[in-house]
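Structure first, then comments.
The values are calculated or read from the model by the stated rules, or taken from the named source; none is laboratory data. Just so we're clear, the structure is a prediction, and the values are computed from it rather than from any experiment. Here the Cβ is made from the backbone with ideal geometry for all residues, glycine too, and neighbour counts use every protein chain on show. For accessibility, only protein heavy atoms count, side chains too; no ligands or nucleic acids. Shrake-Rupley method; radii C 1.70, N 1.55, O 1.52, S 1.80 Å.
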Amino acid sequence: MTEDELKAKVAEIPFWFHCINLGNGIITPGWSKTSSPANERFIGLPENLEGVTVLDIGAFDGFYSFAAERRGASRVLATDDFAWKAGHKRGFNLARQVLGSQVEDQQIDVLEHSPDKIGVFDLVLFLGVLYHMRHPLLALERVASVCKNQLILETHVDMLDCEKPAMAFYPGTELGEDPTSWCGPNPPMVKGMLETVGFQKVEVVSTSPSFLCGSSVSTRMVFHAWR
């Protein structure tokens with residue numbers, strides 16, 4: 001399609017979550033201000049993924065799925081349920097078409113992930129999803145079941161003044177007026193949960209400055225974990 005046609009296609013989509021570079025200076029107007037390579041560095045995405053199989057859970061528009069493919073991954077599977085079920089898969093489909101991507105997709109809930117249903121992957125991305133889970137430990141059990149080697153997890157964290165594993169619970173809209181945000185674990189809680197589900201080594205690799213999320217404060221952290 002022509003540049004003007006592509007701009008029109010991008011504009012037709014009412015909500016973009018990711019900012020994805022589609023070429024020719026066209027970048028999707030994402031709410032989440034992803035900008036390669038800054039965000040890839042923040043999560044610690046390996047520079048060389050040649051021969052690596054990658055699973056991107058909660059992919060939404062697919063920014064990180066396409067980034068993994070661009071870095072040489074032999075297979076990338078993007079999964080989502082909440083966003084795609086709500087009608088927000090058009091961005092992913094358009095970006096995949098324009099980029100000539102071979103990224104696979106499957107609409108499946110986090111708690112339905114299992115080796116039988118999707119297989120196992122060398123690297124699993126679980127970015128911005130954990131704090132939306134009503135059952136975070138169970139969710140991490142499902143994530144661990146499909147992770148062969150390394151997990152990259154990014155999440156909102158809370159209760160940073162507590163040294164013991166602890167987690168805030170948001171029964172309403174306490175975090176950013178968002179009813180889909182359920183929990184805010186502190187770093188020891190994240191580490192403890194990851195070790196409980198079978199990861200042998202867990203490291204904090206990035207921390208964002210605290211920022212206002214609606215009327216509340218949010219801090220984000222990235223954890224790398226290895227089986």
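Among the residues of region 1-13, the one identified as modelled with pLDDT of 95 or more and either in a loop (DSSP other than H, G, I, E, B) or within 15 Å of the chain's Cα centre (by Cα) (or both) is 13.
Among residues of region 32-45 that are more than 20 Å from residue 150 (Cα to Cα), those with a beta-carbon under 6 Å from a residue that is assigned to a helix (DSSP H, G or I) at least six positions away or on a different chain give the pairs 34/63.
Within region 218-227, if we keep just the residues that are touching a Phe, Trp or Tyr at 6+ places or on another chain (Cβ under 7 Å) and of a type in the set (A, V, I, L, M, F, W, C), the residue that is surrounded by the most Cβ atoms within 10 Å (Cβ to Cβ) turns out to be 225.
This table checks each residue for (1) open to solvent by less than 10 Å² (accessible area, probe 1.4 Å); (2) not acidic (Asp, Glu).
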position: 9; (1), (2): no, yes
position: 21; (1), (2): no, yes
position: 30; (1), (2): yes, yes
position: 34; (1), (2): yes, yes
position: 40; (1), (2): yes, no
position: 46; (1), (2): no, yes
position: 49; (1), (2): yes, yes
position: 55; (1), (2): yes, yes
position: 63; (1), (2): no, yes
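Results for (1) open to solvent by 20 Å² or more (accessible area, probe 1.4 Å); (2) in contact with a Leu (Cβ under 8 Å, 6 or more places away or on another chain); (3) touching a residue at least 60 places away in the same chain (Cβ under 8 Å); (4) under 18 Å from residue 68 (Cα atoms), shown as yes or no for each residue.
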{"residue": "89", "(1), (2), (3), (4)": "yes, no, no, no"}
{"residue": "99", "(1), (2), (3), (4)": "yes, yes, yes, yes"}
{"residue": "104", "(1), (2), (3), (4)": "yes, yes, no, yes"}
{"residue": "112", "(1), (2), (3), (4)": "yes, no, no, no"}
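Looking only at residues that are open to solvent by 20 Å² or more (accessible area, probe 1.4 Å) and in contact with a strand residue (DSSP E or B) (Cβ under 9 Å, 6 or more places away or on another chain) in region 143-153, which one is nearest to residue 223 (Cα to Cα)? Only one residue tops the list, namely 150. Among the residues of region 208-227, the ones that are of a type outside the set (Gly, Ala, Ser), part of a loop (DSSP other than H, G, I, E, B) and in contact (Cβ under 8 Å) with a residue 24 or more places away in the chain come to 1 in all.
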